[in-house]
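Heads up: the structure comes next, in structure tokens.
The values are calculated or read from the model by the stated rules, or taken from the named source; none is laboratory data. None of the values given here were measured: they were computed from a predicted structure. Don't worry about glycine lacking a Cβ; one is built from the backbone with ideal geometry, like all the others, and counts go over all protein chains shown. The area values use the complete protein model at the heavy-atom level, side chains included, leaving out ligands, DNA and RNA. Shrake-Rupley method; radii C 1.70, N 1.55, O 1.52, S 1.80 Å.
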Amino acid sequence: MNTGSTNTGKLAGRVAIVTGAGNGLGAECARVLAVHGAQVVVVDIDGAAAITVSESLAVHGVGSMALRVDVSSEEEVEDMVIQIKRRFGRIDVLHNNAAVLNVEQRQRDRDICNLDMAAFDRAIAVNLRGAVLCSKYAIPVMLENKSGSVIFATSGLGMQGDLSLSGYATSKAALMMLPKLIAAQYGKQGIRANAVQIGLAPAENAHASMPAELLEIIRDNHLTPELGTPRQIADVVAFLASDESSFVTGTTLVADGGFSSHTPSLVAMRALFEKLGRAGM
Ligand SMILES: NC(=O)c1ccc[n+]([C@@H]2O[C@H](COP(=O)([O-])OP(=O)(O)OC[C@H]3O[C@@H](n4cnc5c(N)ncnc54)[C@H](O)[C@@H]3O)[C@@H](O)[C@H]2O)c1
């Protein structure tokens, strides 16, 4: 993990919730927000992982709090916001990062004809309903200060058809509507909302769990030399969390190394040109 972030203080005094922050991108977002001075609430269904990440933020000299929450549960989310309000008195940033992505879920969330409906329902419940619930309870606290930034983690799979992960893709597509709704409904009261459409940016320990051949196919479809890193995504989240993006709302910011911006034939064409000896195309 890259630890080279510079403290700009651009989030000093802010209180940020990051859901699903016990691992992966969420953990890195929590770290980068803390580096910029935010007090971070580390929320995860894995309470032990949340505590580990929260404790690691102490080196940045900011307050932090770990909460074990299943974001698909309205009772738990409501209680989460009560606890945060009691401890910090305010909420400035909500990053809806949590998603159910474990191996078992991925194996059951397949193409439509072979879809395990329990896996589909869980994807919708966690990825979509969870983000709606966290917004529903956090925004009223933001409104007390007439200021807040709500962020959603989405994916190219919410934009483009693929062979599997039907529930995941459907949930991510719906997440792109939420920033527009929140911006329209609460923008005049100081609330901004945006999504980040993320390309493949695996945590370092996630590389090993993905077949090399698969990684290569996906890398070929990014227009950057390499796949993304959690730090690159966390930097975008920190931008959306801060006043640097004060005129950005109701939109989806694409941070995907060009994955979604090229012609479907590009990779095959590049290979053809290389075969024909026209390297460098
Ligand atoms: N890593 C990538 O390359 C990539 C690409 C596109 C989009 N994304 C999105 O970024 C986000 C983070 O992805 P990641 O790769 O770090 O995933 P991850 O699986 O490493 O982390 C997800 C976290 O969410 C937590 N979680 C799962 N269910 C929960 C629930 N019900 N309540 C609270 N927490 C719960 C998990 O315990 C885990 O800590 C996701 O929304 C994902 O869709 C990631």
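Okay, which of the range 247-281 sit inside 19 Å, backbone N to the point 7 Å along the Cα-Cβ direction of residue 162? Taking a point 7 Å out along Cα→Cβ of residue 162, the residues of the range 247-281 whose backbone N falls under 19 Å are 252-268. Between residue 90 and residue 102, the contour length at 0.36 nm per residue exceeds the Cα-Cα span by 1.1 nm. For the chain, the Cβ-based charge dipole about the Cα centre amounts to some 760 debye (Lys, Arg positive; Asp, Glu negative; other atoms uncharged). Computed over protein heavy atoms with a 1.4 angstrom probe, the accessible surface ordering of 85, 172, largest first, is 85, 172.
Sparsely packed loop sites in the range 236-281 (the trypsin sites (Lys or Arg not before Pro) outside DSSP H, G, I, E and B with at most 12 other Cβ atoms within 10 Å) comprise 278. With a Förster radius of 30 Å applied to the beta-carbon distance between residue 261 and residue 209, the computed FRET efficiency rounds to 0.65. For the range 45-62, backbone phi angles converted through the Karplus equation (6.51, -1.76, 1.60; θ = phi - 60°) give residue-by-residue couplings of 6, 8, x, 5, 5, 4, 5, 4, 5, 4, 5, 5, 7, 4, 4, 8, x, 10 Hz, Gly and Pro being listed as x. Here's the picture: charge each Lys and Arg Cβ at +1 and each Asp and Glu Cβ at -1 in the range 15-275, and of 66, 239, 117 the one pushed furthest to the positive end of that dipole is 239. Relative intensity of the range 55-106 on a log10 scale, I(q)/I(0) at q = 0.20, 0.21 Å⁻¹, equals -0.90, -0.96, per a Debye sum over C-alpha point scatterers of equal strength in the absence of solvent. Between residue 149 and 93, 94, 192, the built amide H atoms are under 5 Å apart, and every one of these is 5 or more places off in sequence or on another chain.
Projecting the Cα positions of 185, 137, 27 onto the charge dipole of the chain (unit charges on Cβ atoms of Lys, Arg, Asp and Glu, taken about the Cα centre) puts 185 furthest along the positive direction.
Rounded to the nearest 20 debye, the dipole magnitude of the range 1-106 is 560 debye, with +1 charges on Lys and Arg beta carbons, -1 on Asp and Glu beta carbons, and the Cα centre as origin.
Charge dipole (Cα centre; +1 on Lys/Arg Cβ, -1 on Asp/Glu Cβ; no other charges) of the range 187-281 amounts to roughly 280 debye.
Take the Kirkwood radius over Cα pairs of the chain, plug it into Stokes-Einstein at 25 °C and 0.890 mPa s, and you get 127 µm²/s for translational diffusion.
Rg and Dmax over the alpha-carbon atoms of the range 139-281 stand at 18.0, 63 Å.
Restricting to DSSP H runs of at least four residues, report the calculated mean residue ellipticity at 222 nm for the chain, -39500 (n - 2.57) per run over all residues, nearest 500 deg cm²/dmol.
Mean residue ellipticity, 222 nm, calculated: -12500 deg cm²/dmol.
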